[in-house]
Each structure stands twice: as structure tokens, then as C-alpha cells.
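Here is the structure we will look at.
Quick note: the coordinates plus some simple rules give every number you see, no bench work behind them. Remember, it's a predicted structure, so these values are computed and weren't measured experimentally. When we count neighbours, we look across all protein chains shown, and the Cβ atoms used for this are built from the backbone with ideal geometry, even at glycine.
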Amino acid sequence: MMNLLKKYGKQFKKITIVTFGSILVAVGIYFFIMDYQIPLGGISGFAIALQNLFPKLQVGYVMTTLNILLFILSYIFLGKEYVGYTLYSSLIVSNTITLLENLVPLKEALTSNILLSVIIGVILSGLGIAIVITQNATTGGTEILASIINKYTNIDIGRSIMFADGLVVLFGIYAVNIEVGLYALVGLGLNTLVINWAISGLNTKINMVIITEKFEIVNKFIIEHMERGSTVYLAEGGFSRERKQIINTIVSRSEYFVIKNYVSEVDPKAFVIMNYVNEVVGEGFTHEPEDLKDMY
């Protein structure tokens, strides 16, 4: 029963995070990008640029057709779970934009400064994309290509997105005009920086080293209450020559403060060291524990 609750609790948390990130992307695009018709990459940017060459084409149909092809590729190379959450995210983005068009129709751009509009729009949408990517999904479009590139090469996700979207921007310069294309290039560079910065920050974990006389109860608290693993090793003090067991564990920022406060309560003399870890690969971080995995 507890495993079942954990499973659905994790899924609910993941869906909530993906939803929030997707809405953030939609807000950035609708309020700051759409009115200036800037092809900032992605399937939408490609469709906008293509419509300038072939006015009879409908942007929606082009996006739908290309997304179907990309979803097929993502199923083949990235797996069904990735496809499910990516499909959900792309639907949230498109439906949120449609909802905003009906509820908050814009007669003109929020700002007459196109560069300011690009910067704000890219920051909002870039943060949203990064949030979605941390949940092993994307908002669809060229991010699927970027995720495939990232999986099979050493190119980070931000650079992969920049490469895929860069091709779209170059096409946009040809199809629309050079000035709009240059704004798109600025936005593309900023988008890469925002996504890499946000993903790095959101994925950051903390490595804790704890030296305490209350070793047994602290280790039990980490394993049973925090549900985190730990590594225990024997060390000897350089001055005192006293032997002690040291606890080493990797946790999130929020978990760090809980453990630190607990250690301070049970052993005020405890020695706690922390340092930031940019990435952790393994059970409990990049994939589910075996007992939960068997339930899917």
C-alpha cells in the first residue's frame, strides 16, 4: 500500500511540475513573442517562417504534422514514458495559448521595444522548458530532436536545443527578413543560457558528510525517515587518533536542511560538511528504486 502511495505521489508531483513549466512556456510565447512573429526556433518558429513563403499554409496544420513525426522519433529513441509526458506538455502549451487568446486577447504588443519583449519572453519560456526537461520530458517540437542529440552524444541539452533551433532561425532569416532573424538569433543565444543555467540549478544536489557521536540514530533517520541511501566509512582523527564512523549521503536542498536541523538537535557537537553536486546518476535520482519500478 505504501509503495502504491509513493508511486502515485511521485507521478502527481511530476505532472504538477510539468504543468507549471508548460504554462510558463505558453505565457512567455503568447505575451512577448507571438505579436512580433519572431521565429525563435521550434516547430512554431518553423511554421511561422514557412507561412511567409507559402501564405496559404496554416501554421496549426504544419505544427501538427511535424509534431506527429517527431513523436514517432521520440518513441523510438527515447521511450514511451518520455512520449507520454512530452505529449501532455505540448497539449498544455498549445491549449494554454488558445485559452489566453480567448480570455486575454492582445490588440497590440505589451511593449513597443522588440528587444525587451524577446528577452522577457525567452527568459519565461526558457525557464519553463528547463523545468519540463528536468522531469524527463519536453514541450515537443525541436526539443525532441535536442533530447535525442543529448542522449546519444556528449552535447548538453542547452547546446542541443540551440543547434536544432539554430537551423530554424537561419530558415527564418531567409523566409521573413534579416532584422527579425537577428532578433531571433539574440533570443536563441539567451534561450540556451537560460535553459543550461536553470537545468544546472534545478538538478543541483548536496553531498553531506556527517561526523557525529550519534551515528546510529542519524543514519537511521536518513534511511528510514528521509528515504535516502548513505555510505558509512571508518576514519581516524589526525590529531586525536580517535576512530569514528562517518556518514556520507546525497540529498536535495530541502532534504539537506531537514537533516542538518535534525543532526543539530540530537548532537549539537556534530561536524557537518556540505558541497554542491551538479549531477547525480543512479537509483533514487535518475530512475526509480526497483520496488517501485516493478509496479509500472
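Return the single residue from 238, 41, 121 with maximal mean-square fluctuation; model: Gaussian network over the chain, springs between Cα atoms under 10 Å.
So, out of 238, 41, 121, the one fluctuating most is 238.
Among 151/220; 80/205; 13/269; 56/80; 13/56, which pairs are too far apart, with a Cα-Cα distance over 32 Å?
The answer is 151/220; 13/269; 56/80; 13/56.
Dipole magnitude of segment 184-242 about its Cα centre, charges +1 at Lys/Arg Cβ and -1 at Asp/Glu Cβ only, in debye to the nearest 20?
Rounded to the nearest 20 debye, it is 200 debye.
Mind listing which chymotrypsin sites (Phe, Trp or Tyr not before Pro) in segment 232-284 are in a DSSP loop and have 12 or fewer other Cβ atoms within 10 Å?
Listed in order of number, the matching sites are 239.
If I take every Cα pair under 8 Å that is 6 or more residues apart in the chain, average their sequence separation and divide by the length, what percent do I get for the relative contact order? Provide the component values of the computation, followed by the final result.
Working: 411 pairs, mean separation 63.4, N = 296.
Once normalised by length, the contact order is 21 percent.
Extension gain residue 52-residue 209, at 0.36 nm per residue separation less the Cα-Cα distance, in nm?
50.6 nm
In segment 205-277, with Lys and Arg counted as +1 and Asp and Glu as -1 at Cβ, which of these residues, 222, 271, 261, has the Cα nearest the positive end of the dipole, that is, farthest along it?
271
Please find the FRET efficiency linking residue 81 to residue 227, where r is the Cβ-Cβ separation and R0 is fixed at 30 Å, and quote it to the nearest 0.05.
Working: r = 22 Å, r/R0 = 0.73.
Efficiency, from the Cβ-Cβ distance: 0.85.
With r defined as the distance between the Cβ atoms of residue 248 and residue 197 and R0 fixed at 22 Å, what FRET efficiency is calculated, to the nearest 0.05?
Efficiency computed from Cβ-Cβ geometry: 0.20.
Order by neighbour count: 103, 190, 145, fewest other Cβ atoms within 10 Å first, most last.
103, 190, 145
Quick one: order 139, 65 by neighbouring beta-carbon count within 10 Å, fewest to most.
Neighbour counts put them in this order, fewest first: 65, 139.
Residue by residue through segment 29-40, which ³J(HN,Hα) values in whole Hz follow from phi under the Karplus form 6.51 cos²θ - 1.76 cosθ + 1.60 (θ = phi - 60°), with glycine and proline marked x?
Ordered by residue, 3J(HN,Hα) equals 5, 5, 7, 10, 10, 4, 4, 8, 6, 8, x, 6 Hz.
For helix 178-203, what angle does its Cα long axis make with the longest principal axis of the chain, in degrees from 0 to 90 and rounded to 10?
It works out to around 20 degrees.
How high is the FRET efficiency from residue 240 to residue 163, r the C-beta distance, R0 45 Å, rounded to 0.05?
Using R0 = 45 Å, I get an efficiency of 0.20.
Work out which trypsin sites (Lys or Arg not before Pro) in the chain are exposed loop sites (DSSP not H, G, I, E or B, at most 10 other Cβ within 10 Å) and give the longest gap free of them. Don't jump to the answer; show the numbers that get you there.
Working: sites that count: 56, 107, 241, 269.
Longest site-free region, per DSSP loop and neighbour criteria: 108-240.
Looking only at 120, 195, 144, which one moves most when the chain is put into a Gaussian network model with springs between Cα atoms under 10 Å?
The residue with the greatest mean-square fluctuation here is 120.
Can you show me the helix-derived [θ] at 222 nm for the chain, built from DSSP H runs with n ≥ 4 at -39,500 (n - 2.57) apiece and divided by the number of residues, rounded to the nearest 500.
Result for the chain: -20500 deg cm²/dmol, rounded to the nearest 500.
For the chain, take the convex hull of the Cα atoms, compute a quarter of its surface area, and give me that in nm², please.
Mean shadow area of the hull around the Cα atoms is 19.7 nm².
Can you tell me the dipole magnitude for the chain around its Cα centre, using point charges on the Cβ only (Lys, Arg +1; Asp, Glu -1), in Debye to the nearest 20?
Computed about the Cα centre, the dipole is about 160 debye.
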